[in-house]
Amino acid sequence: MSAPVCRPALATELLALAHARHSSYLTDLEELVSIDSGSYSAEGVNKVADWVQWRLARIGFSVERVPAPADGLHPAGDVVIGRKRGRLRRNEGGRKILLAGHMDTVFEDGTAAARPFEMRGHLAFGPGVSDDKGGLLAGLTALEILDAHGSDDYDELVFLAAPDEEIGSPAGRAVIEETARGMHYGLGLECARENGDLVVARKGVADFRLTIAGRAAHAGIEPERGANAALAAAHLIVDLQALNAAWDDVTVNVGVVRAGTRPNIVCPEAELHIEVRAATTADIQRVTQAIREAATRTVVPGTHVTVEQLDLCPPMEDTPASRRVFDLARQAASAYGITLGAAATGGVGDANLIAGTGVPTLDGLGPVGGGDHTPDEWLDTSSVPGRVALLATLVATLGSAGSC
(Lines give C-alpha, C1' and ligand atoms only; values in the text may rest on other atoms or scores of the structure.)
Protein backbone atom coordinates (compact mmCIF):
# COMPACT_ATOMS: atom_id res chain seq x y z
CA MET A 1 0.00 0.00 0.00
CA SER A 2 1.48 3.33 -1.00
CA ALA A 3 1.47 6.37 1.26
CA PRO A 4 -1.63 8.55 0.87
CA VAL A 5 -1.41 11.58 -1.36
CA CYS A 6 -4.31 13.73 -0.15
CA ARG A 7 -5.34 17.23 -1.09
CA PRO A 8 -4.41 19.43 1.88
CA ALA A 9 -7.93 20.83 1.98
CA LEU A 10 -9.64 17.43 2.24
CA ALA A 11 -9.25 17.10 6.00
CA THR A 12 -10.57 20.62 6.57
CA GLU A 13 -13.53 20.06 4.26
CA LEU A 14 -14.55 16.74 5.81
CA LEU A 15 -14.21 18.09 9.34
CA ALA A 16 -16.41 21.05 8.47
CA LEU A 17 -19.05 18.68 7.11
CA ALA A 18 -18.83 16.56 10.28
CA HIS A 19 -19.25 19.61 12.49
CA ALA A 20 -22.25 20.72 10.43
CA ARG A 21 -23.94 17.38 11.19
CA HIS A 22 -23.08 17.27 14.88
CA SER A 23 -26.42 18.55 16.12
CA SER A 24 -28.35 16.09 13.97
CA TYR A 25 -25.98 13.31 15.11
CA LEU A 26 -27.03 13.94 18.71
CA THR A 27 -30.71 13.98 17.76
CA ASP A 28 -30.30 10.73 15.83
CA LEU A 29 -28.31 9.15 18.66
CA GLU A 30 -31.12 9.87 21.11
CA GLU A 31 -33.60 8.28 18.71
CA LEU A 32 -31.49 5.13 18.32
CA VAL A 33 -30.79 4.75 22.03
CA SER A 34 -34.52 5.08 22.71
CA ILE A 35 -35.15 1.84 20.78
CA ASP A 36 -34.83 -1.31 22.87
CA SER A 37 -32.83 -3.65 20.64
CA GLY A 38 -31.45 -6.43 22.78
CA SER A 39 -30.00 -9.36 20.86
CA TYR A 40 -33.09 -11.48 21.51
CA SER A 41 -35.54 -8.70 20.62
CA ALA A 42 -35.98 -9.24 16.87
CA GLU A 43 -38.68 -6.58 16.73
CA GLY A 44 -36.44 -3.96 18.33
CA VAL A 45 -33.41 -4.86 16.22
CA ASN A 46 -35.53 -4.58 13.08
CA LYS A 47 -36.70 -1.11 14.11
CA VAL A 48 -33.03 -0.09 14.08
CA ALA A 49 -32.62 -1.98 10.78
CA ASP A 50 -35.47 0.05 9.24
CA TRP A 51 -33.71 3.22 10.32
CA VAL A 52 -30.32 2.12 8.96
CA GLN A 53 -31.89 1.03 5.67
CA TRP A 54 -33.54 4.41 5.21
CA ARG A 55 -30.31 6.29 5.92
CA LEU A 56 -28.32 4.20 3.46
CA ALA A 57 -30.92 4.48 0.71
CA ARG A 58 -30.96 8.25 1.14
CA ILE A 59 -27.34 8.48 -0.03
CA GLY A 60 -27.62 6.10 -2.95
CA PHE A 61 -26.89 2.70 -1.43
CA SER A 62 -28.77 -0.32 -2.67
CA VAL A 63 -29.93 -2.12 0.46
CA GLU A 64 -30.58 -5.79 1.09
CA ARG A 65 -32.25 -7.17 4.21
CA VAL A 66 -31.22 -10.74 4.99
CA PRO A 67 -33.49 -12.48 7.50
CA ALA A 68 -31.19 -14.32 9.86
CA PRO A 69 -32.18 -17.88 10.83
CA ALA A 70 -33.40 -18.36 14.38
CA ASP A 71 -30.87 -19.88 16.78
CA GLY A 72 -33.36 -22.49 17.93
CA LEU A 73 -34.45 -20.54 20.99
CA HIS A 74 -35.03 -16.98 19.90
CA PRO A 75 -35.72 -15.22 16.59
CA ALA A 76 -33.03 -12.86 15.33
CA GLY A 77 -33.32 -9.55 13.56
CA ASP A 78 -32.29 -8.97 9.96
CA VAL A 79 -28.80 -8.33 8.68
CA VAL A 80 -28.68 -5.05 6.73
CA ILE A 81 -26.24 -4.85 3.81
CA GLY A 82 -25.89 -1.63 1.83
CA ARG A 83 -23.76 -1.37 -1.32
CA LYS A 84 -22.64 1.61 -3.36
CA ARG A 85 -20.39 1.54 -6.40
CA GLY A 86 -17.79 4.23 -6.93
CA ARG A 87 -16.18 5.48 -10.11
CA LEU A 88 -13.00 3.37 -9.97
CA ARG A 89 -12.87 -0.29 -10.88
CA ARG A 90 -10.26 -2.56 -9.37
CA ASN A 91 -7.96 -2.38 -12.40
CA GLU A 92 -8.06 1.41 -12.03
CA GLY A 93 -6.91 1.29 -8.39
CA GLY A 94 -10.39 1.15 -6.84
CA ARG A 95 -10.86 -0.87 -3.68
CA LYS A 96 -13.78 -2.54 -1.92
CA ILE A 97 -14.26 -1.44 1.69
CA LEU A 98 -16.53 -3.04 4.28
CA LEU A 99 -17.75 -0.97 7.23
CA ALA A 100 -19.42 -3.07 9.93
CA GLY A 101 -21.32 -2.26 13.10
CA HIS A 102 -24.08 -3.91 15.09
CA MET A 103 -27.63 -2.95 16.00
CA ASP A 104 -28.17 -5.10 19.09
CA THR A 105 -27.37 -4.33 22.73
CA VAL A 106 -27.05 -6.45 25.87
CA PHE A 107 -30.06 -4.82 27.52
CA GLU A 108 -33.57 -6.19 28.04
CA ASP A 109 -36.76 -4.61 26.72
CA GLY A 110 -37.83 -1.72 28.93
CA THR A 111 -34.30 -0.50 29.64
CA ALA A 112 -34.57 2.47 27.27
CA ALA A 113 -37.63 3.75 29.15
CA ALA A 114 -36.16 3.03 32.58
CA ARG A 115 -32.81 4.62 31.76
CA PRO A 116 -33.40 7.04 28.87
CA PHE A 117 -30.82 8.90 26.81
CA GLU A 118 -29.25 11.72 28.79
CA MET A 119 -26.63 14.40 28.15
CA ARG A 120 -24.35 15.47 31.00
CA GLY A 121 -22.10 18.11 29.58
CA HIS A 122 -20.50 16.58 26.51
CA LEU A 123 -21.06 12.99 27.71
CA ALA A 124 -24.07 11.02 26.47
CA PHE A 125 -25.53 8.16 28.51
CA GLY A 126 -28.03 5.43 27.71
CA PRO A 127 -28.28 1.73 26.82
CA GLY A 128 -26.10 1.00 23.82
CA VAL A 129 -24.93 4.61 23.44
CA SER A 130 -21.35 3.44 22.98
CA ASP A 131 -21.79 -0.22 22.13
CA ASP A 132 -22.64 0.16 19.36
CA LYS A 133 -25.22 2.79 18.46
CA GLY A 134 -22.72 5.63 18.64
CA GLY A 135 -20.33 3.77 16.35
CA LEU A 136 -23.04 2.59 13.98
CA LEU A 137 -24.27 6.16 13.59
CA ALA A 138 -20.71 7.46 13.14
CA GLY A 139 -20.24 5.08 10.23
CA LEU A 140 -23.44 6.25 8.56
CA THR A 141 -22.49 9.88 9.13
CA ALA A 142 -19.04 9.36 7.62
CA LEU A 143 -20.66 7.90 4.49
CA GLU A 144 -23.02 10.87 4.36
CA ILE A 145 -20.25 13.44 4.48
CA LEU A 146 -18.31 11.57 1.79
CA ASP A 147 -21.46 11.66 -0.34
CA ALA A 148 -21.94 15.38 0.34
CA HIS A 149 -18.30 16.00 -0.52
CA GLY A 150 -18.63 14.10 -3.78
CA SER A 151 -15.87 11.63 -2.91
CA ASP A 152 -16.39 8.48 -4.97
CA ASP A 153 -12.84 7.28 -5.64
CA TYR A 154 -13.45 3.65 -4.73
CA ASP A 155 -14.70 0.47 -6.34
CA GLU A 156 -17.42 -0.32 -3.80
CA LEU A 157 -18.45 0.66 -0.29
CA VAL A 158 -20.36 -1.93 1.72
CA PHE A 159 -22.07 -1.12 5.01
CA LEU A 160 -23.13 -4.07 7.16
CA ALA A 161 -25.30 -3.78 10.29
CA ALA A 162 -25.41 -7.02 12.28
CA PRO A 163 -28.32 -8.12 14.51
CA ASP A 164 -26.71 -10.30 17.19
CA GLU A 165 -23.06 -9.42 17.77
CA GLU A 166 -23.51 -9.30 21.54
CA ILE A 167 -24.24 -13.04 21.67
CA GLY A 168 -21.51 -14.06 19.23
CA SER A 169 -23.45 -13.59 15.96
CA PRO A 170 -24.91 -17.12 15.82
CA ALA A 171 -27.50 -15.97 13.27
CA GLY A 172 -25.50 -13.31 11.46
CA ARG A 173 -22.11 -15.03 11.21
CA ALA A 174 -22.56 -16.76 7.85
CA VAL A 175 -23.84 -13.56 6.24
CA ILE A 176 -20.99 -11.49 7.70
CA GLU A 177 -18.33 -13.91 6.47
CA GLU A 178 -19.88 -14.20 3.01
CA THR A 179 -20.10 -10.40 2.71
CA ALA A 180 -16.47 -9.97 3.82
CA ARG A 181 -15.05 -12.30 1.20
CA GLY A 182 -13.66 -10.29 -1.70
CA MET A 183 -13.29 -7.08 0.31
CA HIS A 184 -9.94 -5.31 0.32
CA TYR A 185 -10.36 -3.75 3.79
CA GLY A 186 -12.59 -4.15 6.82
CA LEU A 187 -13.37 -1.25 9.18
CA GLY A 188 -15.09 -2.03 12.48
CA LEU A 189 -17.37 0.61 13.97
CA GLU A 190 -17.07 -0.35 17.61
CA CYS A 191 -16.21 2.76 19.60
CA ALA A 192 -12.61 3.70 20.29
CA ARG A 193 -11.03 2.71 23.59
CA GLU A 194 -11.54 5.10 26.50
CA ASN A 195 -8.14 6.66 25.79
CA GLY A 196 -8.95 7.04 22.08
CA ASP A 197 -6.91 4.09 20.81
CA LEU A 198 -7.99 2.02 17.84
CA VAL A 199 -8.09 -1.78 17.98
CA VAL A 200 -5.56 -3.67 15.86
CA ALA A 201 -6.06 -7.10 17.42
CA ARG A 202 -8.78 -9.13 19.13
CA LYS A 203 -8.28 -12.54 20.65
CA GLY A 204 -10.06 -15.50 19.16
CA VAL A 205 -12.25 -17.77 21.28
CA ALA A 206 -12.71 -21.53 21.21
CA ASP A 207 -15.30 -23.27 23.39
CA PHE A 208 -15.03 -26.91 24.43
CA ARG A 209 -17.14 -29.45 26.27
CA LEU A 210 -15.35 -32.33 27.96
CA THR A 211 -17.50 -35.26 29.05
CA ILE A 212 -15.96 -37.64 31.58
CA ALA A 213 -17.56 -41.07 31.64
CA GLY A 214 -17.11 -43.19 34.76
CA ARG A 215 -18.99 -46.09 36.33
CA ALA A 216 -21.72 -45.92 38.96
CA ALA A 217 -21.62 -47.97 42.13
CA HIS A 218 -23.14 -47.91 45.62
CA ALA A 219 -20.88 -45.52 47.54
CA GLY A 220 -21.34 -47.34 50.82
CA ILE A 221 -21.54 -51.03 49.94
CA GLU A 222 -19.20 -51.47 46.95
CA PRO A 223 -17.44 -48.21 46.01
CA GLU A 224 -14.53 -50.20 44.60
CA ARG A 225 -16.75 -51.25 41.70
CA GLY A 226 -17.20 -47.65 40.64
CA ALA A 227 -15.05 -45.23 38.61
CA ASN A 228 -15.49 -41.72 39.95
CA ALA A 229 -15.91 -39.27 37.06
CA ALA A 230 -15.97 -36.32 39.48
CA LEU A 231 -12.52 -37.23 40.79
CA ALA A 232 -11.21 -37.62 37.24
CA ALA A 233 -12.71 -34.21 36.40
CA ALA A 234 -11.01 -32.62 39.40
CA HIS A 235 -7.58 -33.83 38.30
CA LEU A 236 -8.31 -32.72 34.75
CA ILE A 237 -9.35 -29.23 35.89
CA VAL A 238 -5.98 -28.77 37.58
CA ASP A 239 -4.15 -29.86 34.41
CA LEU A 240 -6.26 -27.60 32.18
CA GLN A 241 -5.87 -24.52 34.35
CA ALA A 242 -2.10 -25.11 34.39
CA LEU A 243 -2.10 -24.47 30.61
CA ASN A 244 -2.39 -20.76 31.42
CA ALA A 245 1.31 -20.77 32.18
CA ALA A 246 2.28 -22.49 28.93
CA TRP A 247 1.97 -19.59 26.47
CA ASP A 248 1.96 -15.81 26.64
CA ASP A 249 -1.33 -14.09 25.82
CA VAL A 250 -3.36 -17.31 26.09
CA THR A 251 -6.11 -17.94 28.64
CA VAL A 252 -7.77 -21.24 29.50
CA ASN A 253 -10.80 -21.12 31.78
CA VAL A 254 -12.78 -24.06 33.11
CA GLY A 255 -15.95 -22.09 33.65
CA VAL A 256 -18.62 -24.75 34.17
CA VAL A 257 -18.34 -27.99 36.15
CA ARG A 258 -21.18 -30.51 36.46
CA ALA A 259 -20.92 -33.89 38.14
CA GLY A 260 -23.03 -36.53 39.86
CA THR A 261 -26.64 -36.89 40.93
CA ARG A 262 -26.63 -38.27 44.52
CA PRO A 263 -24.06 -38.40 47.31
CA ASN A 264 -24.51 -42.15 47.79
CA ILE A 265 -23.63 -43.01 44.19
CA VAL A 266 -20.09 -43.07 42.85
CA CYS A 267 -20.25 -40.33 40.21
CA PRO A 268 -20.72 -41.91 36.76
CA GLU A 269 -20.44 -38.79 34.61
CA ALA A 270 -19.03 -35.27 34.76
CA GLU A 271 -18.94 -32.38 32.31
CA LEU A 272 -16.57 -29.45 31.92
CA HIS A 273 -17.09 -26.38 29.77
CA ILE A 274 -13.89 -24.59 28.80
CA GLU A 275 -13.16 -21.30 27.09
CA VAL A 276 -9.84 -20.64 25.37
CA ARG A 277 -8.77 -17.19 24.22
CA ALA A 278 -5.64 -16.59 22.15
CA ALA A 279 -4.25 -13.87 19.90
CA THR A 280 -3.34 -16.15 17.00
CA THR A 281 -4.85 -19.10 15.20
CA ALA A 282 -1.61 -20.99 15.77
CA ASP A 283 -1.96 -20.60 19.55
CA ILE A 284 -5.58 -21.75 19.48
CA GLN A 285 -4.46 -24.86 17.61
CA ARG A 286 -1.67 -25.47 20.16
CA VAL A 287 -4.06 -25.19 23.10
CA THR A 288 -6.63 -27.41 21.39
CA GLN A 289 -4.00 -30.09 21.00
CA ALA A 290 -2.92 -29.69 24.63
CA ILE A 291 -6.52 -30.08 25.82
CA ARG A 292 -6.92 -33.27 23.81
CA GLU A 293 -3.65 -34.65 25.19
CA ALA A 294 -4.66 -33.80 28.77
CA ALA A 295 -7.93 -35.66 28.21
CA THR A 296 -6.02 -38.86 27.48
CA ARG A 297 -4.19 -38.75 30.81
CA THR A 298 -7.01 -39.93 33.07
CA VAL A 299 -5.69 -40.80 36.52
CA VAL A 300 -8.85 -42.60 37.67
CA PRO A 301 -9.02 -46.16 36.29
CA GLY A 302 -12.20 -46.90 34.41
CA THR A 303 -12.87 -43.32 33.30
CA HIS A 304 -12.76 -41.93 29.79
CA VAL A 305 -12.90 -38.36 28.44
CA THR A 306 -14.57 -37.16 25.23
CA VAL A 307 -13.57 -33.73 23.87
CA GLU A 308 -15.95 -31.68 21.71
CA GLN A 309 -15.16 -28.27 20.24
CA LEU A 310 -18.44 -26.38 20.37
CA ASP A 311 -17.48 -23.12 18.71
CA LEU A 312 -14.58 -21.13 17.28
CA CYS A 313 -14.41 -17.41 16.70
CA PRO A 314 -11.17 -16.65 14.83
CA PRO A 315 -8.75 -14.06 16.18
CA MET A 316 -8.40 -10.67 14.58
CA GLU A 317 -4.65 -10.94 14.29
CA ASP A 318 -2.17 -8.08 14.42
CA THR A 319 -0.72 -8.49 10.91
CA PRO A 320 1.53 -6.34 8.71
CA ALA A 321 -1.45 -5.66 6.43
CA SER A 322 -3.69 -4.47 9.28
CA ARG A 323 -0.81 -2.39 10.65
CA ARG A 324 -0.57 -0.61 7.30
CA VAL A 325 -4.26 0.30 7.58
CA PHE A 326 -3.60 1.57 11.11
CA ASP A 327 -0.66 3.66 9.86
CA LEU A 328 -2.95 5.32 7.31
CA ALA A 329 -5.50 6.00 10.05
CA ARG A 330 -2.81 7.52 12.24
CA GLN A 331 -1.64 9.76 9.39
CA ALA A 332 -5.21 10.86 8.73
CA ALA A 333 -5.78 11.51 12.44
CA SER A 334 -2.78 13.82 12.64
CA ALA A 335 -4.60 16.27 10.38
CA TYR A 336 -7.25 16.59 13.10
CA GLY A 337 -4.84 16.84 16.00
CA ILE A 338 -5.70 13.31 17.12
CA THR A 339 -2.93 11.01 18.34
CA LEU A 340 -3.84 7.36 17.91
CA GLY A 341 -2.51 4.35 19.75
CA ALA A 342 -2.93 0.71 18.75
CA ALA A 343 -4.70 -1.52 21.26
CA ALA A 344 -5.14 -5.28 21.53
CA THR A 345 -8.09 -6.67 23.46
CA GLY A 346 -9.34 -10.01 24.68
CA GLY A 347 -12.90 -9.12 23.73
CA VAL A 348 -14.30 -10.46 20.47
CA GLY A 349 -16.62 -8.87 17.93
CA ASP A 350 -17.74 -9.10 14.34
CA ALA A 351 -14.34 -7.70 13.30
CA ASN A 352 -12.98 -11.15 14.26
CA LEU A 353 -15.23 -12.77 11.67
CA ILE A 354 -14.19 -10.28 8.98
CA ALA A 355 -10.49 -10.73 9.74
CA GLY A 356 -11.00 -14.48 9.79
CA THR A 357 -11.77 -14.39 6.06
CA GLY A 358 -8.30 -12.91 5.41
CA VAL A 359 -9.36 -9.26 5.09
CA PRO A 360 -7.01 -6.67 6.71
CA THR A 361 -9.18 -5.24 9.48
CA LEU A 362 -9.05 -2.26 11.83
CA ASP A 363 -11.60 -1.77 14.62
CA GLY A 364 -12.56 0.90 17.14
CA LEU A 365 -13.31 3.53 14.50
CA GLY A 366 -16.34 4.94 16.29
CA PRO A 367 -16.25 7.87 18.72
CA VAL A 368 -14.63 7.58 22.16
CA GLY A 369 -16.78 5.74 24.68
CA GLY A 370 -16.74 3.35 27.60
CA GLY A 371 -18.63 1.61 30.37
CA ASP A 372 -20.02 -0.88 27.86
CA HIS A 373 -22.66 -3.33 29.14
CA THR A 374 -23.21 -1.30 32.33
CA PRO A 375 -25.73 1.31 33.53
CA ASP A 376 -22.91 3.87 33.28
CA GLU A 377 -22.21 3.37 29.56
CA TRP A 378 -21.11 6.67 28.03
CA LEU A 379 -20.09 8.35 24.79
CA ASP A 380 -17.89 11.43 24.54
CA THR A 381 -19.84 13.47 22.00
CA SER A 382 -17.05 16.03 21.75
CA SER A 383 -15.02 13.32 19.97
CA VAL A 384 -17.71 12.74 17.34
CA PRO A 385 -16.81 15.32 14.64
CA GLY A 386 -13.12 14.42 14.64
CA ARG A 387 -13.71 10.68 14.63
CA VAL A 388 -16.35 10.90 11.89
CA ALA A 389 -14.01 13.00 9.75
CA LEU A 390 -11.13 10.60 10.48
CA LEU A 391 -13.24 7.63 9.36
CA ALA A 392 -14.34 9.43 6.21
CA THR A 393 -10.74 10.35 5.39
CA LEU A 394 -9.59 6.77 5.93
CA VAL A 395 -12.32 5.45 3.62
CA ALA A 396 -11.34 7.99 0.95
CA THR A 397 -7.69 7.00 1.32
CA LEU A 398 -8.24 3.27 1.20
CA GLY A 399 -10.80 3.50 -1.59
CA SER A 400 -8.26 4.60 -4.16
CA ALA A 401 -5.42 2.27 -3.18
CA GLY A 402 -3.79 4.70 -0.80
CA SER A 403 -4.44 8.04 -2.48
CA CYS A 404 -7.27 10.51 -2.10
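The values are calculated or read from the model by the stated rules, or taken from the named source; none is laboratory data. Fair warning: this is a prediction, and the values are worked out from it, not measured in the lab. Counting neighbours? That spans all protein chains shown, and the Cβs are built from the backbone with ideal geometry, glycine included. Protein only, heavy atoms only, side chains kept; ligands, DNA and RNA dropped before computing areas. Shrake-Rupley method; radii C 1.70, N 1.55, O 1.52, S 1.80 Å.
Structure data summary
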| item | result |
| --- | --- |
| Relative contact order for the chain, counting Cα pairs under 8 Å that sit 6 or more residues apart, in percent | 25 percent |
| Fully extended contour minus Cα-Cα distance, from Glu222 to Arg292, at 0.36 nm per residue | 22.0 nm |
| Sequence-separation-based contact order of the range 150-306, relative, with Cα cut under 8 Å and 6+ spacing, percent | 26 percent |
| Label-point separation in nm, Arg115 to Arg181, each point 7 Å along Cα→Cβ | 4.0 nm |
| Using a Förster distance of 45 Å, the FRET efficiency for Leu310-Arg83 (Cβ separation, nearest 0.05) | 0.85 |
| Exposure rank, largest accessible area first [Trp378, Trp51; 1.4 Å] | Trp378, Trp51 |
| Extension gain, Asn264 back to Thr319 (0.36 nm per residue minus Cα-Cα distance, nm) | 14.3 nm |
| Lys, Arg +1 and Asp, Glu -1 on Cβ, resulting dipole of the chain about Cα centre, debye, nearest 20 | 980 debye |
| Thr357 - accessible surface, heavy atoms, 1.4 Å probe, Å² rounded to 10 | 40 Å² |
| Euclidean distance between Cα centres, the range 247-313 to the range 122-153, Å | 42 Å |
| Cα-projected label distance for Ala148 with His122, points at 7 Å along beta-carbon direction, nm | 2.0 nm |
| Residue-level accessible surface for Tyr336, protein heavy atoms, 1.4 Å, Å² | 40 Å² |
| Heavy-atom SASA rank of Glu293, Glu271 (probe 1.4 Å, accessible area, largest first) | Glu293, Glu271 |
| DSSP-defined antiparallel bridges as percent of all bridges, the chain, nearest 5 | 70 percent |
| Dipole axis of the chain (+1 Lys, Arg; -1 Asp, Glu on Cβ), positive-most option in His273, Leu198, Val254 | Leu198 |
| 0 to 90° range, to nearest 10: angle between helix 384-399 axis and the chain longest Cα axis | 90 degrees |
| Spin-label model distance (nm) - Ser34 vs Ala57, 7 Å beyond Cα toward Cβ | 2.2 nm |
| Arg120 - accessible surface, heavy atoms, 1.4 Å probe, Å² rounded to 10 | 130 Å² |
| Among the listed pairs Lys47/Lys96; Lys84/Lys203; Lys133/Lys203, those beyond 26 Å (Cα-Cα) | Lys47/Lys96; Lys84/Lys203 |
